[in-house]
Amino acid sequence: MKATIYLERMMHRDIISVPGASAASYVLVKLIPSGAGEATPPLHIALVLDVSGSMYEEDGTGQSRLQRIQKAALAALDRLRPQDTLTVIAFARNAAILLPATPLTQRAAIVETLDKIDRCDIDPGGTAMDEAMRCAYDELRAHRAADRLSQMLVLTDGETSGEVACRELASQMGQEKIRLTVMGVGTEWNASLIKDLARLAQGTWYYIDAEDAQSAERAFDAEFQHLAALLFSGVKVHLWPVRDVRVKRFRQVTPEIRTLDIVETEERHWVAAIGNLEKDRPARFVVELSLPARPDGQYVVAQLGLEYELAGQVEKSALVPLLVTYRAAGPGPINAEVARYIDEIQMYEMNEQMQQAIASGDTAKVQQVAEKIVKKGEGLGPRAAKKTMLARQALGELGQTGRVSRKTQLALEDSARLAEEMPLPG
């Protein structure tokens, strides 16, 4: 059987009641990629590493940040395959290609480059991430192939010059299906910029705790494992709501929580660009709709479809309807699986509110929202244990110092975007 992505959907409530002009409704959309024994396409990864002066700090671990990154990158090479290709670029005040596109069959050359990256001839007095991203982008484009996935992985521990240029590049990458992963080390990097870059390029971001010696290895291993399993590219969900049904939001909820841009390409035709999917690893999304009042009866409120690339060929799924039964006497039961993801979204939204309050210096609002997170987390139990613990930590810091530390802020954001810790059904 050919590799494919199965599309499943379920409503928050199959039976709804709309006492006013309209009511909110939620749809859980599952994308279930089946590898069917098909080999994943080769990768070209441009590894872009910050070698500025701050990367030589040890943070009490006995090794510099750069040494820990070198070790993590070398260990993660085992996740890649002989058909994959690696480019290595270093940057500080300026940027340089230390290793042009090199297949993993030449592992010795790759290892030597990573081993010696701390001795490269780059002025450490700056952080020109924009220049480094441009070098990586040009290298990836120069070696593009229809059967190869292009990936840029950028790591930094500080603020950067050329933020506008970085965003422009990320936007271009999103349009050209060049995926971007950005890793921030420590607490001095620009979190809002890094999250923007990941969003624009349909990629992801990681927080690496500089004081945790194993944090870098976990991040690199997870990302390289993910990249080696990518099979489907350019994945898009198409949504055709019927008249008077409004599409409000489209959020991914696994493997991470993020709000996706959904664009109305023509009247009553909305498209959400998902990016790439691993084989045999489902992804889930919650679509928020506004449904109008209608007489009792069953209605199709929208049609869903899927588009993706496999081995250079564009594939499309059959359309599936979203069915809702209207009943003035009252709504039907809530679907428990959809409800648990709505809980996750609510925790995510509260975290965003708290980050905004921290940024504006509104400590009363920070405390109020942190208390709400704790209360919500306690209701969710073990699956929200880490998020609850971090919110309590924020409250403790507020009580002691009147502010939430940068490290706790980053840990809160990192935890909020991750799917719940407890296992989920199929």
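The values are calculated or read from the model by the stated rules, or taken from the named source; none is laboratory data. What you are looking at is a predicted structure, and each value in this text was computed from that prediction instead of being measured. Backbone-built Cβ (ideal geometry, glycine too); neighbour counts: all protein chains shown. With ligands, DNA and RNA removed, areas are computed over all heavy atoms of the protein, side chains included. Shrake-Rupley method; radii C 1.70, N 1.55, O 1.52, S 1.80 Å.
Couple of notes before you dig in:
- Under the Karplus curve 6.51 cos²θ - 1.76 cosθ + 1.60, θ = phi - 60°, whole-Hz ³J(HN,Hα) for region 259-264, x wherever Gly or Pro sits: 8, 9, 5, 10, 10, 7
- Residue-by-residue Karplus 3J(HN,Hα) for region 82-98, coefficients 6.51, -1.76, 1.60, Hz, glycine and proline x: x, 7, 7, 10, 10, 10, 10, 10, 10, 8, 8, 5, 10, 10, 8, 7, 7
- The chain, relative contact order in percent, only Cα pairs under 8 angstrom and at least six apart counted: 18 percent
- The share of alpha-carbon pairs in the chain lying farther apart than 29 Å comes to 50%.
- Size of electric dipole in region 10-99: Cβ of Lys, Arg +1 and of Asp, Glu -1, about Cα centre, debye, nearest 20: 80 debye
- Each label point was placed 7 Å from the Cα along the Cα-to-Cβ direction; for ARG268 and ALA336 their separation is 3.7 nm.
- Cleavage-rule hits (trypsin sites (Lys or Arg not before Pro)) in region 1-78: DSSP loop, at most 10 neighbouring Cβ within 10 angstrom: LYS2
- Each label was represented as a point 7 Å from its Cα along the Cα-to-Cβ direction; for GLN214 and ARG294 these points are 5.3 nm apart.
- Rg over Rh for region 1-114 works out to 1.25, both radii taken from alpha-carbon positions and Rh defined as the Kirkwood radius.
- Stokes-Einstein diffusion coefficient of region 174-282, Kirkwood radius over Cα pairs, 4 °C, 1.567 mPa s, in µm²/s: 82 µm²/s
- Projecting the Cα atoms of LEU319, MET152, GLY174 onto the dipole axis of the chain, where Lys and Arg carry +1 and Asp and Glu carry -1 at the beta carbon, places LEU319 farthest toward the positive end.
- Database remark: amide H of MET183 closer than 5 angstrom to the amide H of VAL154, LEU155, THR156, TYR206 (H placed geometrically; neighbours at sequence offset of 5 or more, or on other chains; Pro and chain starts carry no H).
- In sequence order, calculated HN-Hα J values of region 12-27 (Karplus, 6.51, -1.76, 1.60; Hz; x Gly/Pro): 4, 9, 6, 10, 10, 10, 10, x, x, 6, 7, 8, 6, 9, 10, 10
- Adding -39500 (n - 2.57) for every DSSP H run of four residues or longer, then dividing by how many residues the chain holds, sets the calculated 222 nm ellipticity at -11000 deg cm²/dmol.
- Probe 1.4 Å, accessible area per residue of the chain, Å²: 43 Å²
- For region 157-215 versus region 307-341, the spacing of their alpha-carbon centroids is 32 Å.
- Cα-based Lys proximity count in region 253-412, under 14 Å, for pairs eight or more positions apart or on separate chains: 5
- In degrees, nearest ten, helix 336-360 long axis to first principal axis of the chain (Cα): 60 degrees
- Note on the chain: with charges restricted to the Cβ of Lys and Arg (+1) and Asp and Glu (-1), its dipole about the Cα centre is near 1320 debye.
- Residue order for VAL18, VAL242 - accessible surface, 1.4 angstrom probe, largest first: VAL242, VAL18
- Whole-number D in µm²/s for region 238-379 (Stokes-Einstein; Kirkwood sum over Cα pairs; 4 °C, 1.567 mPa s): 72 µm²/s
- Heavy-atom surface analysis with a 1.4 Å probe gives the chain a carbon and sulfur content of 49 percent of its accessible area.
- Region 130-178 - charge dipole about Cα centre, Lys and Arg +1 at Cβ, Asp and Glu -1, debye rounded to 20: 320 debye
- Taking 0.36 nm per residue of sequence separation and removing the Cα-Cα distance, the ASP280/LYS248 pair yields an extension gain of 8.6 nm.
- When THR181, THR4 are compared by accessible area of protein heavy atoms, the largest-first order is THR4, THR181, using a 1.4 Å probe.
- Crossing angle, helix 65-76 versus the chain [Cα axis fit, 0-90 degrees, rounded to tens]: 70 degrees
- 5 angstrom amide H check on GLY126, placed H, neighbours 5+ away: GLY53, ARG93
- Note on SER25: accessible area approximately 10 square angstrom, rounded to 10, probe 1.4 Å, nucleic acids and ligands left out.
- Between helix 406-416 and the chain: long-axis angle, C-alpha atoms, 0 to 90°, nearest 10: 50 degrees
- Charge-dipole axis of region 221-274 as Lys and Arg at +1 and Asp and Glu at -1 on Cβ define it, positive-most pick from ILE274, VAL247, PHE224: VAL247
- Taking all protein chains as they are arranged and a probe of 1.4 Å, the heavy atoms of VAL314 leave approximately 80 Å² accessible to solvent.
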